[in-house]
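Undergrad: First, the structure itself, so that you have it in front of you.
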Amino acid sequence: MGNTITSNIGQAHAVIAYNGNHADAGAVNSTIGEAGESAQVADNGFTRKGYTFACWDTKPDGSGTVYKPGEEVAYPAEGRILTLYAQWRPITYKVRFDGNGAASGTMADLTVAYDAKAALPANRYAKSGETFAGWNTKADGTGAAYRNKGEATNLASSQDDVVVLYAQWEDAMTAMPETGGTVNDHHMLKTIGGGACLFGLILIPFARRRMRRSR
């Protein structure tokens, strides 16, 4: 985003313009002056989600001449436009881990930069009779879910925000870690019981043979 010069600046005039350089909103007025004169660099009026303004630069990629707001900058040659591009710095925020009823364990906060992938550390919390099932932005599990040692991006967009991820738990007796599913206790008992009956039926012919031999 940047200002567009619509007026005829004339051959005896020069312009300093400002470009938001990936900004989401905002504007900064251009200034018109005489070649050879100078002007004060304007304050930033652009905004970009997840970023803070750092400075102005004569190149979009920051490889040109750097200017801070309030510094003097010379107007370009007559009839020319000098464009200053906003330079942005990603904000950093913290990810905090909550055991959500865990009986033991501690985990340090994780500092993450905006637009960077955050590799979540392995869970270190433990809860008696429960198996860790992942993280969630809501304690009751109704928010965004993240698996153990998974990745998260852009959980916050303001500097020094704190985002809490809550441990989620499931009954250790019904958890199936290899598939992530659960087993119905009643179904399991029926299966085990059916298997026992089948095993018993298999043994009956052997029992009859032994009885005949004993006679």
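Undergrad: How about segment 70-84: which of its residues are of a type outside the set (Gly, Ala, Ser) and open to solvent by 50 Å² or more (accessible area, probe 1.4 Å)?
TA: Those that are of a type outside the set (Gly, Ala, Ser) and open to solvent by 50 Å² or more (accessible area, probe 1.4 Å): 71, 72, 78, 80, 81.
Undergrad: What number of residues within segment 19-39 satisfy the criterion of being within 27 Å of residue 159 (Cβ to Cβ) and surrounded by 13 or more Cβ atoms within 10 Å (Cβ to Cβ)?
TA: Matching residues across segment 19-39 total 8.
Undergrad: Only one of 145, 116, 133 is more than 19 Å from residue 91 (Cβ to Cβ) and surrounded by fewer than 16 Cβ atoms within 10 Å (Cβ to Cβ); which? Break it down into steps so the answer makes sense when it comes.
TA: Details: 116 fails: more than 19 Å from residue 91 (Cβ to Cβ); 133 fails: surrounded by fewer than 16 Cβ atoms within 10 Å (Cβ to Cβ).
Answer to the check: 145.
Undergrad: If you go through segment 89-108, how many residues are part of a strand (DSSP E or B) and open to solvent by less than 40 Å² (accessible area, probe 1.4 Å)? Even if it seems obvious, please write down each step before you answer.
TA: Narrowing segment 89-108 to residues part of a strand (DSSP E or B): 89-90, 92-98, 104.
Imposing the further condition that a residue be open to solvent by less than 40 Å² (accessible area, probe 1.4 Å) reduces the set to 93, 95, 97.
The total comes to 3.
Undergrad: Answer yes or no as to whether residue 138 is surrounded by 15 or more Cβ atoms within 10 Å (Cβ to Cβ) and modelled with pLDDT of 95 or more.
TA: The answer is no for residue 138.
Undergrad: Further question: Can you pull out the residues in segment 106-141 that are among the aromatic types (Phe, Trp, Tyr) and farther than 16 Å from residue 154 by Cα?
TA: Selection gives 125, 132.
Undergrad: Suppose we filter segment 109-153 for residues that are acidic (Asp, Glu) and either part of a strand (DSSP E or B) or farther than 30 Å from residue 49 by Cβ (or both); how many remain? Please lay out each step first, then the result.
TA: First, the residues of segment 109-153 that are acidic (Asp, Glu): 109, 115, 130, 140, 151.
Okay, now just the ones that are also either part of a strand (DSSP E or B) or farther than 30 Å from residue 49 by Cβ (or both), so 130, 151.
Of the residues in segment 109-153, 2 are acidic (Asp, Glu) and either part of a strand (DSSP E or B) or farther than 30 Å from residue 49 by Cβ (or both).
The values are calculated or read from the model by the stated rules, or taken from the named source; none is laboratory data. Bear in mind the structure is a predicted one, so any value in this text is a computation, not a measurement. For neighbour counting, all protein chains shown are included, and Cβ atoms are generated from backbone atoms with ideal geometry for every residue, glycine included. Note: accessible area is taken over every heavy atom of the protein model, side chains too, but ligands, DNA and RNA are not part of it. Shrake-Rupley method; radii C 1.70, N 1.55, O 1.52, S 1.80 Å.
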